[in-house]
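Here the structure comes first, spelled out in structure tokens, and everything after it is commentary.
Read-outs throughout are calculated quantities, based only on the coordinates presented, and are distinct from any laboratory measurement. As the structure is a computational prediction, the values presented were derived from the model and not from experiment. Cβ coordinates were reconstructed from backbone atoms using ideal geometry, including for glycine residues, and neighbour counts include every protein chain displayed.
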Amino acid sequence: MIVAEVLDSTDLSREDVEPLGEHVDFERLHELLAGDSEADTLTFTVEEIEVTVSADGSVTVSP
């Protein structure tokens, strides 16, 4: 889902993007999506692209 949004919003190919675990703390992401986080969003960078995941599961990509 996250990588797909990055690819759809940029001209990067799948080969250009390192594994997501290189960019985001999966534990924090899981807590956010499970509703166990005090935060409403989690923002991180993927290949110099800012990615924000919201607690509702929506993904925003800001190239």
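General observations
- Residue exposure proxy: F26, F44, ordered by other Cβ atoms within 10 angstrom of their Cβ from fewest to most, comes out as F26, F44.
- Using 0.36 nm per residue and subtracting the Cα-Cα separation, the extra length available between D11 and S58 on full extension is 14.9 nm.
- Rotationally averaged projected area of the chain (alpha carbon convex hull; nm²): 3.8 nm²
- Neighbour count of at most 13 Cβ within 10 Å plus DSSP loop: longest GluC sites (Glu not before Pro)-free window in the chain: 1-37
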